[in-house]
Amino acid sequence: YKAYQGRITSVREMRLAQYGFTKGDDSDKLGKVLALEEACMKVVKFDSNGVPSLGPLKYPELISAFDIPMTAEKSVMSWATWFAERFRPVFLKNIQEIYRRDPKATILDPNTSLAKGQLPAYALATRLPDQSPDGKRGPYFVESSPFMNHSCIIGTDLVDSTIKSVVAEYAEDSKKYKEQERSKEQLGNAKNVNFTPVKGNQLEAGLQTKKSDQVFGAGDVKANIGKITGDPDKDIKIIQANLIDDVTAIRMKLYGMRELSKSQVNLIWRMEDALLRDGTITVRNKVAEFTGDKNKVVQQWAPVFGISLGSESDLVDWQFWFERRFLPVFLNFVTRGSKWLGTDNLLNKVRTAHPEVQYSVAEFMNIAKTEINGQVVSVWTVNAYP
């Protein structure tokens, strides 16, 4: 733990505040809390959706590392409460947000090894609710401490101020990063998709997504067997767990997604499903329309994508993507998809539809238009993503 002493960056200071400590606390305490992250990382597992969980831990050894004898029942219980109700949820939320942005980045690096331009969005996304859905206290209000004769700082003032410090420190890097990401690979380039239909029942779906995509389209399965882990049997299991149909892959590319990571695809899928279920998207005279409140959608869904409601510029960017790139494509998808399959369970029905139906839906999505500065343009030309 001594390796962490004196190496408290603003990012680590933010996490320590979430754990209940301030930068001015005893350096031994801070070092041991950060060392606990390292111990937990050794047993972390991510599921196919990018959600982390902790494996078995040797709790007696961890408790002893905090100088608590196992005979000190009150202190042991305090450590256990802090670990379960404060450390664990904060730690898992942080590593999930890091993994979501870069699976190769690590919380053990002083600044998580994310790009500097990613740090403000990461910091904002780590903020947990003040209360759990069942009305119980949130992690930031757990006073129990992992140290003897000590209480953790409770409340959100320190948490929010340290998050703001990270956002402010890397604000310029964030702007540059967003500009670079928007210009990368010319997101609005329709040449990235090739439709090669053949006649009648011989028509087969098979969009080849990028080699770097983490979710594989049907056309990619054979090409990747044996090239992921080197073991064909293991590769087949990985591919099956991450399989995505070609219509969904095309739709996500039309939304501006550079890589089809499972967790990000699932987020958009959830929003699509909710918009259809709550009647926000309706079909009138065979044409899909948005009949909801766009501001309400932004307030409800932008935070799910890691956007802080307190960051006006990020909210504006997300709403621009929703209105100018997502909606035109999704409305075309629902318009053409409902013609063949109806709107009930449309997202699933299209995945197994006849190839001619899939091609018809994909083709209609591909011609989606939007209005930018008074001009009607293809969605492919809009440099925006969620």
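The values are calculated or read from the model by the stated rules, or taken from the named source; none is laboratory data. Only a predicted model underlies this, so the values are computations on that prediction, with no experimental measurement involved. Reconstructed Cβ throughout: ideal geometry from the backbone, glycine too, with neighbour counts over all protein chains shown. The accessibility values were calculated without ligands, DNA or RNA, using every heavy atom of the protein model including side chains. Shrake-Rupley method; radii C 1.70, N 1.55, O 1.52, S 1.80 Å.
Some points to look at:
- Taken per residue, the accessible surface of the range 56-116 reaches 51 Å², heavy atoms only and a 1.4 Å probe.
- With all protein chains kept in place, the per residue accessible area of the range 291-331 amounts to 44 square angstrom at a probe of 1.4 angstrom.
- Take the range 332-374 with all the other protein chains still there, run a 1.4 Å probe, and you get 51 Å² of accessible area per residue.
- Relative counts (whole %) of C-alpha pair distances in the range 298-375, using bins that are 5 Å wide: 3, 14, 20, 16, 14, 15, 11, 5, 1, 0
- Pairs exceeding a 18 Å alpha-carbon distance, out of 116/178; 42/93; 104/178: 104/178.
- Volume per residue that the Cα convex hull of the range 104-165 spans, once the total is divided by residue count, Å³: 130 Å³
- Only Lys, Arg, Asp and Glu carry charge here, each on its Cβ (+1 for the first two, -1 for the last two); on that basis the range 235-354 has a dipole of about 420 debye about its Cα centre.
- Accessible surface of the range 1-132 [probe 1.4 Å, protein heavy atoms]: carbon and sulfur percent: 52 percent
- Proximal aspartates and glutamates to residue 369, defined as alpha-carbon separation beneath 18 angstrom and excluding residues fewer than eight positions away on the same chain: 289, 323
- Dipole magnitude (debye, nearest 20) for the range 1-150, charges at Cβ of Lys, Arg, Asp, Glu: 360 debye
- For the range 245-386: relative contact order, % (alpha-carbon pairs under 8 angstrom, 6 or more apart): 31 percent
- Solvent-accessible area, 1.4 Å probe, carbon plus sulfur percent, for the range 235-386: 48 percent
- Couplings 3J(HN,Hα) for the range 327-332, derived from phi with the Karplus relation 6.51 cos²θ - 1.76 cosθ + 1.60 (θ = phi - 60°), are 4, x, 5, 5, 5, 5 Hz, where x marks Gly and Pro.
- Simple rule: put +1 on each Lys or Arg Cβ and -1 on each Asp or Glu Cβ in the range 69-151, find the dipole, and look at 72, 142, 119; the Cα lying farthest toward the positive end is 119.
- Global form of the range 50-107, assessed from the alpha-carbon gyration tensor, a/c cut-off 1.5: prolate
- Note on residue 343 and residue 54: the extension gain reaches 100.1 nm, defined as 0.36 nm multiplied by sequence separation minus the Cα-Cα distance.
- Debye log10 I(q)/I(0) at q = 0.14, 0.18, 0.26, 0.29 Å⁻¹ for the range 314-357, Cα point scatterers: -0.42, -0.59, -0.84, -0.95
- Cα-centred dipole magnitude for the range 88-139, charges only on beta-carbon of K, R (+1) and D, E (-1), debye, nearest 20: 40 debye
- Estimated from the Cβ-Cβ distance and a Förster radius of 41 angstrom, the FRET efficiency linking residue 38 and residue 363 is about 0.20.
- Per-residue packing, averaged as other Cβ atoms within 10 Å, sorts the ranges 119-127, 366-374 into the order 119-127, 366-374, beginning with the highest.
- Under-5 Å amide H pairs with residue 288, H placed in peptide plane, nonlocal only: 335
- Using the alpha carbons alone, the radius of gyration of the range 56-186 stands to its Kirkwood radius in an Rg to Rh ratio of 1.06.
- Taken one residue at a time, the phi angles of the range 296-305 give Karplus couplings (6.51, -1.76, 1.60, θ = phi - 60°) of 5, 4, 4, 4, 7, 9, 4, x, 5, 8 Hz. Gly and Pro are set to x.
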